[in-house]
Each structure stands twice: as structure tokens, then as C-alpha cells.
Amino acid sequence: MKVIVLNSFNVFSENNATSNRWRTLIEGLASHEVQILYLITSGYKSAYEKLTFGKGGYLNTKIQYMYLTCQNRYNYIPARINNYLINSIYAWANSITLRKIVKSIAPDYILISPTFDAILTFSKTYTRNEVSAQVVTELNEYNDIWDIHATNKIQKWRNRKYNTLLRKKLFPKLDICLVMTDVLIKHYRKFQYCKESLIFFKVPMTVDLKRFDTFSINTKFEGPYIAYCGSGGFYTNGLDILIRSFSLISEDFPNLRLLIAAFWGQDGDRMLELINETKLNKKVVYLGVLGRDEIPPFLQGAEALVLPRPESRQASGGFPTKLGEYLATGRPVCASRVGEIPNYLIDGISAYLHEPGNIFDLADSLKRVLNNKEESLKIGLNGRSVAQHHFNMEVQADRIFDLLKKRSILNYS
């Protein structure tokens, strides 16, 4: 089976929730009888990426990658010129190359990332003509979730354009839509312009458990600590809730620290203000962004791993990728009861669940972990079993491959 993957950026050079999700999907499929050509539409996000990956090459015998353009997206002015002014020109050039590649290798499937540039390139490649390959995408959030974060007219225009491309250009050509949660399946089923034969296939959050098979603790993170690892907004991910909850138990555990590994951008100032307000300057440590190889030992060395996400539309539809990494470590996890998390985890059995937004409930969960190490160890191992059964990259790759294989056979019969 031959699959073209079309994405805006190189997920093998990044370390965030979206790239980790797509990396597990690609590597999972490559572990089967699948040859993958990974096409990157929007150039490089760093000079290091450009130097490391060049214009193309092989990640292994089954994954070949190619940059369709050599845009510079890592300097402020060039990035914005490319992003807002000449995207369409690049998309037309990409579409010509993509059409030639599809004609040359005759893939069974084109797997498209739901990112602006990837969809734009695809829409210009196939304006009216039917696509020879079957078309697949993967959706793990509401399509309009970032509208509330738009800060200027250009961003609002870009969001409207993105939703138009998704609804009117990609969905009419889709054959399979991989979706993370049941709530999102109901949401996307309402889209117009879909084929009657379109299949919605649930693929929960995926994690590469092998990354966490080897237990190692980095001495960089010494002493007992609670860990948070993630990305996104300070309030949307509940870091204010976590810091306030930690302040309630801090005096009871004088040697315990809270370590935060994340990228917060402008929200970083708000976090520092709250740390000063709660007088936790010496006990709450902001580590910034950790490298991909640093994350397993960071998580494995923690007394507890915390997911304090508050109730929100984003939380109700999506599923936090970081939760899979948490569970994969076998360490005890404290998570809020949002979205589909309670569908997989049971309080006091496979995790410690707390009411979203309730600092006292989260503080109580942390005390339960810290005051009963034997029980928390069992719960952590039970959590890993849940990840093994539901979220294992290999398990989900088997399901996706079986679906693609059956659809491919039907398509050629």
C-alpha cells in the first residue's frame, strides 16, 4: 500500500501535541505494509531544521520525506510575508508538484493534515477533477476552536478562509475522516457537501509507549516534584488552578516542588505573577520547553503528573495528548473530569480524577497520591494498562491499517 501524507510542517522536527499525534500515525502505519511519502508544504520553522533535514531524504526504509518549498518560516518578517501575502503562490507551485507526484506513484491514499497550507495546496491541486486516490484526514479538535484567539482582522480572515477550505474544498473529496472523540464525530457529521460514502472512524489519542519502556531519571530534575508538561494557554490548560492547588498543600510537603515544562509565550508573565502572589518563588519552577528526549525522564521522575484542564468547549471535544504520555510512564496521574477522560479512567483505580476548576478537589487528589505511595504506584501501573489497551500507537495503527486495507480492496474490486 502506498500513502502520501500532506502536512504544512515537518512533525519529525517538532515536539508538541499535534506533531506527536501525527508522528504516531505516520510511524504506526509505516510499521505495516505501507510505503509513505511525506510531503511538507510550508518550508522550515528553524535554521536547525533546514540544516538537519535538507530538501528531502528518508527517515527509514518506509518513510520518505520531501519539502515542496524551501520557505523560511523562522524569521519574523519573512514568516509573516509568506504566511499572509504569498501563500497562494506557494500553494499553486505546490499543487503542480503534487499533481505530478500523484500521477507518478499512483498512491492508494492521500492523508491530509487539517492545516491551512496543506488543505490550500490540495484544493488547488484538485479543483474539480476527481482524486484518483482515496482521501483521508484526521481531526482532533473543533474546526473553529481558534476563532476566539484571533487578535486582529488578518487572523480572523485567515480563520474564516480556513473553515471555508475545510468545509467546501476538503470535505467534499474525503473518503475517510479519522476523529478523536465521539463529540467531534457528531460535530463533523453535520458538515454539508460530504460524500454519502464518507466514513467517520474514531481513533482515540495515540502514544508511542516504547518511548517510556526504559526507565531513567535525569538528575537535572532532582528531589521530589510534581510535574506538568504541555503547551498552550495558561488559563485554557488550567495552570492557574494547578499553582493555586499546589499552594494549598505546599506547607504540608516542604521539600516538594512543582516543575512546569511548557511554552506559554505572553501567558508566561501571568504565570510568574501568580507564583509571586502565592509566594511560591522557590518551589514552582518554570523549565520552558523540553526536548523530545528529555520528556520521558522528566515525567518518570515525578511523584505525580497533573492535567488540570478546566471545563471548556475545547476540552469537551478534544482529548489531551499529554495524558497518553503521562499514563505511559506508569506514574500516578491526577486529571480533571473533562471530555471523554472519564470514559477511560476511573478515580482511585487507574487515575486520580478531580472536578474541573476546583482547586480544593485537585489539592485533595495530590494529597492522596503523596500520602499513600503504595496505592499510588498501583494506580499508576493501572493507568499504563489503560494506555496500552486504548491509546497504544501500535494498537491504533493496526485498526487504521485494517480499515485502509479493506477500503483499498473494495476500491479495486
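Tabulated values for the structure
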read-out	value
Number of the exception - ASN143 against (1) open to solvent by less than 50 Å² (accessible area, probe 1.4 Å); (2) closer than 30 Å to LEU381 by Cβ; (3) not small (Gly, Ala, Ser)	(2)
Among residues of the range 189-209, those that are assigned to a strand (DSSP E or B) and among the hydrophobic types (A, V, I, L, M, F, W, C), counted	4
Residue match in the range 108-121 (condition: open to solvent by 70 Å² or more (accessible area, probe 1.4 Å), under 27 Å from ASN15 (Cβ atoms) and not polar (S, T, N, Q))	no
Single residue of TYR67, TYR74, TYR48 found to be open to solvent by less than 30 Å² (accessible area, probe 1.4 Å) and without any contact (Cβ under 8 Å) to a residue 60 or more places away in the chain	TYR67
Residue in the range 372-384 that is in contact with a His (Cβ under 7 Å, 6 or more places away or on another chain), closer than 28 Å to ASN16 by Cβ and part of a helix (DSSP H, G or I) present	no
Number of the exception - LYS124 against (1) modelled with pLDDT of 90 or more; (2) of a type outside the set (Ser, Thr, Tyr); (3) under 24 Å from ARG407 (Cβ atoms)	(3)
Of the criteria (1) touching a Phe, Trp or Tyr at 6+ places or on another chain (Cβ under 6 Å); (2) free of Cβ contacts under 8 Å to residues at least 40 places away in the same chain, which one GLY348 fails	(1)
Those residues of the range 191-218 which are of a type in the set (Ser, Thr, Tyr) and surrounded by fewer than 12 Cβ atoms within 10 Å (Cβ to Cβ), in sequence order	SER197, THR214, SER216
Test: residue in the range 178-188 that is in contact (Cβ under 8 Å) with a residue 24 or more places away in the chain, in contact with a Cys (Cβ under 7 Å, 6 or more places away or on another chain), more than 22 Å from LYS2 (Cβ to Cβ) and assigned to a helix (DSSP H, G or I)	yes
Members of the range 259-284 found to be within 15 Å of PHE234 (Cα to Cα) and not in a helix (DSSP H, G or I), listed by number	LEU259, ILE260, ALA261, ALA262, PHE263, TRP264, GLY265, GLN266, VAL284
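For every residue, the table says whether it meets (1) touching a Phe, Trp or Tyr at 6+ places or on another chain (Cβ under 8 Å); (2) buried (at least 21 other Cβ atoms within 10 Å of the Cβ).
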residue	(1), (2)
GLU277	no, no
VAL289	yes, no
ARG309	no, yes
GLY317	yes, yes
PRO320	no, yes
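Okay, residues lined up against (1) within 17 Å of GLY330 (Cβ to Cβ); (2) out of contact with any Gly (no Cβ under 9 Å at 6 or more places or on another chain); (3) not hydrophobic (A, V, I, L, M, F, W, C):
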{"residue": "LEU362", "(1), (2), (3)": "no, no, no"}
{"residue": "LYS367", "(1), (2), (3)": "no, yes, yes"}
{"residue": "LYS373", "(1), (2), (3)": "yes, yes, yes"}
{"residue": "LEU377", "(1), (2), (3)": "yes, no, no"}
{"residue": "GLY380", "(1), (2), (3)": "yes, no, yes"}
{"residue": "GLY383", "(1), (2), (3)": "yes, no, yes"}
{"residue": "VAL386", "(1), (2), (3)": "yes, yes, no"}
{"residue": "ARG399", "(1), (2), (3)": "no, yes, yes"}
{"residue": "LEU404", "(1), (2), (3)": "no, yes, no"}
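The values are calculated or read from the model by the stated rules, or taken from the named source; none is laboratory data. Just so it is clear, the structure is predicted and the values come from calculations on it, not from any experiment. Don't worry about glycine lacking a Cβ; one is built from the backbone with ideal geometry, like all the others, and counts go over all protein chains shown. Accessible surface areas use protein heavy atoms only, side chains included; no ligands, DNA or RNA. Shrake-Rupley method; radii C 1.70, N 1.55, O 1.52, S 1.80 Å.
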